[in-house]
Amino acid sequence: MAERRLGVLMKDEIFENQLRDEIIGLPLTDMWRAGLQVFEFGEQVEGLSRKGEVYYASQKRIHVICPWRIIKENTLILGSGDYLEQESKISETHDYSTFFEELEAGRLIVRDINYHEFNDLEIIFDNNYKLQLFLVGARLSDYWRFINSTAEHDIVAYPDKLDNL
């Protein structure tokens with residue numbers, strides 16, 4: 001039993017001292033998909049690709065493999081399943097534009113972060129938006145990963161633990 005308590009304390013320490021401290025107060029500055037979903041936080045800095053091309057990216061980002069959704073109050077705004085739908089099948093009454101206007105204007109500031117059992121993650125932004133990541137399987141690979149390109153380790157979420165890798 002003591003070993004389990006130690007694991008929980010370590011999990012809380014990783015969450016409280018690393019993940020929360022890293023992104024609370026930062027804006028969500030970009031989101032994009034390249035096989036997995038990426039959410040970027042904070043200032044976009046210039047980088048150089050292997051091909052010598054200039055690009056801009058945040059140093060702090062979450063790579064998401066598990067399902068996710070963005071909600072505002074009681075309304076689902078956007079989710080991982082929307083990428084599976086063809087654009088013509090998405091309801092014409094569903095309007096993502098307000099969310100993307102807030103994103104582009106830098107008004108989606110992280111105000112709080114909660115994690116739940118099984119390492120589900122909820123990021124709370126200004127204007128009542130929430131990003132929710134939720135695990136739906138028990139496989140052993142990671143479900144989401146927080147990357148700070150200036151840190152030595154990533155924070156990796158598995159169904160049963162958070163880890164520094």
*Give a residue-ordered list of calculated ³J(HN,Hα) values for the range 98-111 (Karplus: 6.51 cos²θ - 1.76 cosθ + 1.60, θ = phi - 60°; whole Hz; x for Gly, Pro).*
4, 4, 5, 5, 5, 4, 5, 7, x, 9, 9, 8, 5, 9
*Distance from the Cα centre of the range 29-64 to that of the range 121-140, in angstrom?*
20
*Exactly which trypsin sites (Lys or Arg not before Pro) in the range 40-83 are in a DSSP loop and have at most 10 other Cβ atoms within 10 Å?*
R50, K51
_Using the Karplus curve 6.51 cos²θ - 1.76 cosθ + 1.60 with θ = phi - 60°, what ³J(HN,Hα) values do you get for each residue of the range 127-138, in whole Hz, with x for Gly and Pro?_
6, 6, 8, 9, 9, 10, 10, 9, 7, 10, x, 10
*Count neighbours as other Cβ atoms within 10 Å of each site's Cβ, and list the GluC sites (Glu not before Pro) in the range 100-161 that are DSSP loop with at most 12 such neighbours.*
E152
*On the first, second and third principal axes, largest extent first, how far apart are the outermost C-alpha atoms of the range 97-165 in Å?*
37, 29, 19
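No lab work stands behind these numbers, since they all come straight from the coordinates. Just so it is clear, the model here is predicted, and its values are computed rather than measured. Counting neighbours? That spans all protein chains shown, and the Cβs are built from the backbone with ideal geometry, glycine included.
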